[in-house]
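See structure below.
The values are calculated or read from the model by the stated rules, or taken from the named source; none is laboratory data. Nothing here was measured: the structure is a model prediction, and the numbers come from that model. Positions of Cβ are generated from backbone atoms using ideal geometry, with glycine treated the same way; all protein chains shown enter the neighbour counts. Side chains are part of the model used for accessible areas, which takes the heavy atoms of the whole protein and leaves out ligands, DNA and RNA. Shrake-Rupley method; radii C 1.70, N 1.55, O 1.52, S 1.80 Å.
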Amino acid sequence: MTVPNDIANHSLAPEGVKRIEWANREMPVLSLIRERFQREKPLQGIRMTACLHVTTETANLAITLRDGGAELRVCASNPLSTQDDVAAALVNEYGIPVFAICGEDNDTYYKHIHQALEHRPQLTMDDGADVVAVLHKDRRDLLPNVAGGTEETTTGVIRLRAMAADGALGYPIVAINEADTKHLFDNRYGTGQSTMDGIIRATNVLIAGKIVVVAGYGWCGRGVASRARGLGAQVIVTEVDPIKALEAVMDGYRVMPMSEAAPIGDIFVTLTGDCNVIDRDDLEGMKDGAIMANSGHFDSEINLKALRALSEGTRRVRESVDEYRMQDGRKLYLLGEGRLVNLAAAEGHPAAVMDMSFANQALGAEWIAQNAKKLEKKVYELPHEVDEEIAALKLKAMGVSIDYLTEEQQRYLTSWQEGT
Ligand SMILES: NC(=O)c1ccc[n+]([C@@H]2O[C@H](COP(=O)([O-])OP(=O)(O)OC[C@H]3O[C@@H](n4cnc5c(N)ncnc54)[C@H](O)[C@@H]3O)[C@@H](O)[C@H]2O)c1
């Protein structure tokens, strides 16, 4: 039987297989879950649509879900993040339907989401809530089939909570991002390393001695700021939350508004989940040669409309670098078209960190499949024991042992009678 698909190039499959296997070496927790799924088949016969970045790590998750019995269809969660060799391997070697082509235009991006929904999913898996959005806007006829879903990222969780608060959410969703073993590691260490990797691969500029402006000091921003500092940059943080701003100050960074950072920064990175964080006035104030990258979920963080309006011409000067010639003669550089730079210009997060994120996704899919009937149309978090189990497995795989509470210590920590 042919596997339904729309991908770039089937002949890339052998390369994709090698890279998927390479990633799997660094994903011991997901491998353990896969072994159990092969035995227990917790997702037997369940139709699933997964809208994720089509990377080597996602391939290992897709194989795990398939081995657990799911009838899976995969589409991309970003037009620029698909690794075409991985898409080919999933279709040709692992028999998993994929609808994703790197560089697809907006219409194709949405056509692929629709194709991934054609088998009437009972579970959805999102990274940025685009499948949920399409189901609720264009394919409401499919909603009654859907028992539940999972959501990977901060921006998706914010959108879904807003829908639930409006009474608009059609089925229960597990917010994978809220697990400690997800955001503490993926958003911080994953985004920290892969964002710098994307900037370096795109530009090959020396980071040491540069002034790097990091917009947003959330989980992702903390990671990028610390990695940029580690490479020798002077880091400036911009924030709107006074507590996060204070934390950045005490972590040793300079903190100021974007309007003050704009004229001094050499490299700008946005990681806020917000829109127009670098706005028209900031673009007007930037110095000649400034480089801008976004690593937040959507390409809304840099005001691209204003950038185009202020420029008299653009040209692609390197694979992921567009030069904008400003009317006043300055040149500004935009990486990866303002989309997630770590995926557009590099390979996304390293597998070792996606091991935990996707362990949460696999266990989240199992949990929602088992519990959907009891749940309301709300956003849920995975039970804390799941987080602890994933962390314990990861430590074990890394060969790290820790202490355990003695009975005396357990008593001491739960009593109010014992003092000095
Ligand atoms: N690149 C990736 O692979 C990747 C990975 C995980 C998350 N994300 C995305 O990155 C974004 C940030 O995620 P997070 O987990 O760090 O979120 P977070 O909520 O922990 O942090 C976002 C921070 O941005 C700040 N902020 C909001 N508007 C701002 C503005 N105008 N100027 C300055 N600061 C502002 C907020 O106060 C907050 O501290 C989201 O869109 C998320 O989906 C990307």
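What the table below lists for this structure:
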{"quantity": "Residue tally, condition crowded, with 16+ Cβ neighbours inside 10 Å, within 12 Å of the ligand (Cβ to nearest atom) and among the hydrophobic types (A, V, I, L, M, F, W, C), over the stretch 263-281", "calculated": "5"}
{"quantity": "Lone unmet requirement of (1) without any contact (Cβ under 8 Å) to a residue 12 or more places away in the chain; (2) open to solvent by less than 20 Å² (accessible area, probe 1.4 Å) for T150", "calculated": "(1)"}
{"quantity": "Residue satisfying condition, being modelled with pLDDT under 95, within 12 Å of the ligand (Cβ to nearest atom) and in a helix (DSSP H, G or I), within set T155, T195, T191", "calculated": "T155"}
{"quantity": "Failed item, numbered, when D322 is tested on (1) over 30 Å from A397 (Cβ atoms); (2) open to solvent by less than 10 Å² (accessible area, probe 1.4 Å)", "calculated": "(2)"}
{"quantity": "Failed condition for I113, given (1) part of a loop (DSSP other than H, G, I, E, B); (2) more than 16 Å from the ligand (Cβ to nearest atom)", "calculated": "(1)"}
{"quantity": "Positions within the stretch 282-305 being among the basic types (K, R) and within 11 Å of the ligand (Cβ to nearest atom), in sequence order", "calculated": "none"}
{"quantity": "Filtered residues of the stretch 43-64 (kept if in a strand (DSSP E or B) and either open to solvent by less than 10 Å² (accessible area, probe 1.4 Å) or of a type in the set (A, V, I, L, M, F, W, C) (or both))", "calculated": "M48, T49, A50, C51, L52"}
{"quantity": "Per-region count, the stretch 229-246, residues assigned to a helix (DSSP H, G or I) and either in contact (Cβ under 8 Å) with a residue 40 or more places away in the chain or within 9 Å of the ligand (Cβ to nearest atom) (or both)", "calculated": "3"}
{"quantity": "Residue within the stretch 308-317 that is closer than 28 Å to W219 by Cα, open to solvent by less than 60 Å² (accessible area, probe 1.4 Å) and more than 14 Å from the ligand (Cβ to nearest atom) present", "calculated": "no"}
{"quantity": "Residue in the stretch 189-197 that is over 17 Å from M125 (Cβ atoms), surrounded by 24 or more Cβ atoms within 10 Å (Cβ to Cβ) and in contact with a Cys (Cβ under 6 Å, 6 or more places away or on another chain) present", "calculated": "yes"}
{"quantity": "Unique residue being more than 9 Å from the ligand (Cβ to nearest atom), surrounded by 23 or more Cβ atoms within 10 Å (Cβ to Cβ), in contact (Cβ under 8 Å) with a residue 24 or more places away in the chain and not acidic (D, E) when the list is A179, A215", "calculated": "A179"}
{"quantity": "Residue in the stretch 357-366 that is more than 22 Å from the chain's Cα centre (by Cα) and either among the polar types (S, T, N, Q) or farther than 30 Å from H53 by Cβ (or both) present", "calculated": "no"}
